[in-house]
Structures are given as structure tokens and as C-alpha cells.
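First the structure, in the form of C-alpha cells, and then the observations on it.
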Amino acid sequence: MTTISVATINVNGVRAAFRKGMADWVKANDPDIIALQEVRAETTDLEALFAELGEWHILHDAASAKGRAGVALLSRKPAIASRTVLGPDEFDSAGRWLEADYDFGGNVLTVISTYVHSGEVDTPKQVEKYKFLDAMTKRMNELLKDGGDVVVVGDLNVGHTELDIKNWKGNLKNAGFLPEERAYFDTMMQTQGWVDVGRAAHPEQPGPYTWWSFRGQAFDTDAGWRIDYQLATPTLAAKAANYKVHRADSYDTRWTDHSPVVVEYSI
């Protein structure tokens, strides 16, 4: 049996994150697989940034619009397969959904890095968010039926319950905490059977939050949102341990407005 550490991080621009200290975090923690969201760079940029951190195999799906979104998977061993297609042909999911299969001693672990739209109430942005959540929910149901060990990680841009947002009452009508958005998560976890590893590790406890606005005193007062997830199939969730949110020590040591979320899986 092998223990695999999987980290998910919305880097809010990977080049900026490296300028602010991300490399030190990677060196100190050395996850086996790193899922990135909001890369906002080219594959060559990723290759250059990680070149000094040892051998990393890089999969990257950039957004259609340059400098926007972008998801990546970095691993110490190469993936045996990868996929980026999500939803109908006319749906643009580029830079938001990246699946990869990794073989550990004959056992396959599928890791998916995803970046759900942030949305905006009563605008086309919210329509696109629902289109993505529709496609995502359908794909996740297919993955469950396949019966493999799968974990969907990333910035899902929805707080599922009142425990996931410090100021939930003030956000009931805002994108990220709308009843319609949260219903998708009910379907994923209650109907389909995906396990929210973070909530399983911290039942009935507020947070631990993973995102805080750079504005105001949100970080210092811990007025955050838990929107970065690791959702595992039941068989894989049973082998999960040591869930941890790597919250920065202070506001001025942050290298992104999110925190890395790391989980260990026994494969």
C-alpha cells in the first residue's frame, strides 16, 4: 500500500504566486500530486517555474481566453492517461476541467483539477456557471458508476452549507451561496454519494475556510469561505487521512488568496 498526498491550490496566477513564495511551500511539503486552478499562464511558464523544484510531470489545460482560468496537474510520476472534454461539444470548458489517471502498483487513482465559474447573479456569468455545474454533475455520476478511485479537487466556488461561510446570512442572495448552486452539491454528495473529505474530517465545525478576500480584514478576522474541495468516491474516501488546510501564518506571507488543501490517500 502506498500513501499519496494530493494538494489542490487556486494560485490566483501561478507566476505571481511563485514571486510571492509558492516555491518554498512546494519544497517544504512536496506533495505527490499538485492540482492548480487559475493558472493564467502558458505551459512553458509552468515548466520554467517548476524546473528548479525537481522532476515534475505537467499536464495543463489553458482557458480559451489568454490570461484567464487554466487548470493543471503536476505529479512526480507521469499520468497514464488524461482528458479535458466536459459536457456537449458546443460547451467551452477549456481551462476548467482536467482529468488524469495515475498508476500506483497496478492501482489506478484518477485526479481531477477543476475550476468552477465564480458567477454573478442575473448575468450571463451565472448562466455559464450553471451550464458547467450541469456538465460536472453528469460527469461525476458517470465516474461513480465506473467504480474506480477518483477525487475531484479544486476551487468549486460554492459554499455548500452554512458551516462553509463565516458570513453566510449576508450572502444568501450572492453567487457562491445561492440555493440553486448549493442544490448541485446536495446532488453530488447526498444523491450520488461523493464524499466531501474536508467536511468528513471536520463535521459540524465552521470551516476550516480556504479563501479570504485580499480586501479589508477578512483574513485577520477569519471571515472566509470554504470553497476549495476534495470530493472522493466512497471507496477512496475510506482511505483518506490527514486532511489539512495550509493557512498562511499571516496576511503578508500569503502567496494566493486561497490556501492549499492537502489530503493523503492510501492506494
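The values are calculated or read from the model by the stated rules, or taken from the named source; none is laboratory data. All figures in this text were calculated on a predicted structure; none of them were measured in a lab. Cβ: placed from backbone, ideal geometry, glycine included. Neighbour counts: every protein chain shown.
Restricting to region 186-207, name every residue that is among the aliphatic types (A, V, I, L, M) and outside any helix (DSSP H, G or I). Show your work before the answer.
So the first thing to find is which residues in region 186-207 are among the aliphatic types (A, V, I, L, M), and the list is 188-189, 195, 197, 200-201.
Of everything in region 186-207, just one residue is among the aliphatic types (A, V, I, L, M) and outside any helix (DSSP H, G or I), namely VAL195.
Tell me yes or no: at least one residue of region 6-23 is crowded, with 17+ Cβ neighbours inside 10 Å, farther than 24 Å from ASN157 by Cβ and of a type outside the set (S, T, N, Q). No, region 6-23 contains no residue that is crowded, with 17+ Cβ neighbours inside 10 Å, farther than 24 Å from ASN157 by Cβ and of a type outside the set (S, T, N, Q).
Of all the strands (runs of 3 or more DSSP E) wholly in region 50-157, which have at least 1 residues that are farther than 27 Å from GLY21 by Cα?
Numbers: elements: 57-61, 71-75, 81-83, 97-104, 107-115, 149-155.
Per the criteria, 81-83, 97-104, 107-115, 149-155.
Residue count for region 158-185, restricted to those that are in a helix (DSSP H, G or I) and of a type outside the set (D, E, K, R): 7. If only residues of region 196-225 that are within 17 Å of THR256 (Cβ to Cβ) and among the polar types (S, T, N, Q) are counted, the one that is modelled with the highest pLDDT is THR210. Within region 163-180, can one find any residue that is surrounded by 15 or more Cβ atoms within 10 Å (Cβ to Cβ), within 20 Å of ALA237 (Cβ to Cβ) and among the aliphatic types (A, V, I, L, M)? The answer is yes, given that some residue of region 163-180 is surrounded by 15 or more Cβ atoms within 10 Å (Cβ to Cβ), within 20 Å of ALA237 (Cβ to Cβ) and among the aliphatic types (A, V, I, L, M). For region 69-91, the set of residues classified as in contact (Cβ under 8 Å) with a residue 24 or more places away in the chain, more than 17 Å from the chain's Cα centre (by Cα) and surrounded by 15 or more Cβ atoms within 10 Å (Cβ to Cβ) consists of ARG76, GLY87, listed by residue number. ALA51 falls short on exactly one of the conditions (1) loosely packed, with under 15 Cβ neighbours inside 10 Å; (2) closer than 22 Å to VAL245 by Cα, and that condition is (2). Out of the residues in region 26-49 meeting the condition of being out of contact with any helix residue (DSSP H, G or I) (no Cβ under 9 Å at 6 or more places or on another chain) and assigned to a helix (DSSP H, G or I), tell me which one is nearest to GLU99 (Cα to Cα). Residue satisfying both the conditions and the ranking: THR43. Could you please let me know if GLY193 is among the small types (Gly, Ala, Ser), surrounded by 15 or more Cβ atoms within 10 Å (Cβ to Cβ) and either at negative phi or modelled with pLDDT of 95 or more (or both)? Here the answer is no, as GLY193 does not meet what is asked. Among the criteria (1) over 24 Å from ARG139 (Cβ atoms); (2) part of a strand (DSSP E or B); (3) not aliphatic (A, V, I, L, M), the one TYR229 does not fulfil is (1). Residues in region 7-50 that are in contact with a His (Cβ under 6 Å, 6 or more places away or on another chain) and closer than 20 Å to VAL197 by Cβ: ASN10 alone. Restricting attention to region 201-215, the residues that are farther than 15 Å from LYS166 by Cα and free of Cβ contacts under 8 Å to residues at least 40 places away in the same chain total 2.
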